[in-house]
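Inspection log for the structure reproduced underneath, given as structure tokens.
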Amino acid sequence: MKPVSEITLFALCEQIRRQLAASMPSYVWVRAEINGLKETASGHCYLDLIDKPSAEAPLRAQARAVIWSGTWRLLRPFFESVTGRSLAVGMQVLLRVQVQYSELYGLTLVVQDLDPSCTLGEEELLRQRVIERLKHEGMFEMNATLARPRLLRRLAVISSETAAGYLDFVRHLSQNEYGYRFVHRLYPSLMQGAEAPADQIRALDQIAQEQEEYLAAGRLGYDAVLILRGGGSKTDLRCFDDYELAAHVAQFPLPVLTAIGHEQDVHIVDLVAAVHLKTPTALAHYLIDLYQQEEAMLLSWATRLELAIRNKLSGEHAVLDRFGQRLEAAFRLRMTAERAKLELLGHRLEKGNPKYLLEQGYALALLGQHRIRGVNALSEGNEVELVFADGQVTCRILKIQTSNSE
């Protein structure tokens, strides 16, 4: 059966093009996911866009888009400077497009502009999902609850050996003006790119194994692990929002201290670490400050101890002074009493002196050189010497009469 009317394919496509041109505005903002991306040698960027609400949902729409080389040279650096990332498959984007239809190539969306805030919002959403997962699994604050030594001296460092941030850290730590000494060992690792999380996890596992060996051998192990990265673009630092790396840091048996990125950057690894500083230099100052604070505290204690000892000695000196005064007073009283006793004894001795008796009118009788104590020692005819205070006389015994004689 012959159709009532017919047109050529070209005529149909031309009619579609005209109707689209008449009905569509000059541009429209379209939200989509990049499913394919290709840059040509001529500088154009071709995109395959899809509309898929979720990973599990079926595909609802797809279309081709192009960013001509002149526009791409402007949009690419702008997008990367704002988001820190390059356009990539799987990324959510918000594009300002002009709808074009060609009889030969079909429907094409010509990209005139893009809004990086849409992509940033998607990145932040993914980041929050990782944070919530870590919290739900009970790992988010695990590392922060570990006991930390008051002074961190033996340090395991994960960084790139040629990174400026690591070199700045070493210089500030080793050349500190106070002369504090630190021991650190570098475990080299990738610090950016898709392979960085796995490489840093490898370094963490090596440190954990060596720590167990040190302790089993009775040796001093590490006090903490440091992860250092001296800044970079947002794309470079995306690895520090990786779930697996963050989970390893959160569950690590040693305190982990991080210094990653610029002043405005805070990454998930920072959030789960025991301590995080903005830059490696700031982390070096933090470690030095721990020693300064400890030294200041020790000096304060020493000052207080010295003051306490001085007060104690002052009190003891006061007690000794009072005791000395009392001892001196007691000694004086005792000396006075003893002096009185001596004077009394001297007085008594003086009164018992024969000379004193002679001066009182008594006489000393001597027979030869011996003092006569009684008449029983005498015989008639003996010559007796009588000694007086002012001289002596010689007498002869004519008669002896005892006291009991009649």
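Sparse packing (at most 12 other Cβ atoms within 10 Å of the Cβ) combined with a DSSP loop state is found for the following GluC sites (Glu not before Pro) in the stretch 1-107: GLU6, GLU56. Separation of the stretch 105-135 from the stretch 161-179 is 39 Å, based on Cα centroids. Sites count as exposed loop sites when they are chymotrypsin sites (Phe, Trp or Tyr not before Pro), lie in a DSSP loop, and have at most 16 other Cβ atoms within 10 angstrom; the longest stretch of the chain without one is 179-361.
Neighbour counting of Cβ atoms within 10 Å sorts the residues CYS45, CYS395, CYS239, fewest neighbours leading, into CYS395, CYS45, CYS239. Entry note, the chain: the mean residue ellipticity at 222 nm calculated from DSSP H runs of n ≥ 4, each adding -39500 (n - 2.57), is -15000 deg cm²/dmol after division by the residues and rounding to the nearest 500.
Positive end of the dipole of the stretch 10-124 (Cβ unit charges, origin at the Cα centre): among THR71, SER102, SER42, the Cα lying farthest that way belongs to SER102.
For the stretch 1-62, which trypsin sites (Lys or Arg not before Pro) are both in a DSSP coil and crowded by at most 11 other Cβ atoms within 10 Å? Write out the running numbers ahead of the final one.
On the way: sites: ARG17, ARG18, ARG31, LYS38, ARG60; in loops: ARG60.
For trypsin sites (Lys or Arg not before Pro) across the stretch 1-62 that sit outside H, G, I, E and B with at most 11 neighbouring Cβ atoms in 10 Å, the list reads ARG60.
Treat the count of other C-beta atoms within 10 Å as a stand-in for reagent exposure and order MET142, MET191 from fewest to most. List each step's numbers first, then the result.
Numbers: MET142 18, MET191 24.
Going from sparsest to densest Cβ surroundings: MET142, MET191.
Give the aspartates and glutamates whose C-alpha is closer than 15 Å to that of LYS52, dropping any in the same chain fewer than 8 places away, or say none. Result set, ordered by chain and number: GLU33, GLU122. The phi torsions of the stretch 128-137, fed into the Karplus equation with coefficients 6.51, -1.76 and 1.60 and a -60° offset, translate into couplings of 5, 5, 5, 4, 4, 5, 4, 5, 4, 7 Hz, rounded to whole numbers, with Gly and Pro shown as x. Close amide H contacts of LEU226 (hydrogens built in the peptide plane, cut-off under 5 Å, sequence separation of 5 or more or a different chain): ALA156, VAL157, ILE158, LEU257. Set against the labelled values [x] 21.4, 78; [y] 56.7, 211; [z] 21.1, 73, Rg and Dmax of the Cα atoms in Å computed from this structure falls on [y]. Diagonalising the gyration tensor over the Cα atoms of the stretch 9-131 and scaling each eigenvalue by 5 before taking the square root yields semi-axes of 28, 18, 13 Å, largest first.
The trypsin sites (Lys or Arg not before Pro) found in the stretch 108-200 that occupy coil by DSSP, while having at most 13 further C-beta atoms within 10 Å, are ARG150, ARG181.
No lab work stands behind these numbers, since they all come straight from the coordinates. As the structure is a computational prediction, the values presented were derived from the model and not from experiment. As a convention, Cβ positions derive from the backbone with ideal geometry for all residues, glycine included, and neighbour counts pool all protein chains shown.
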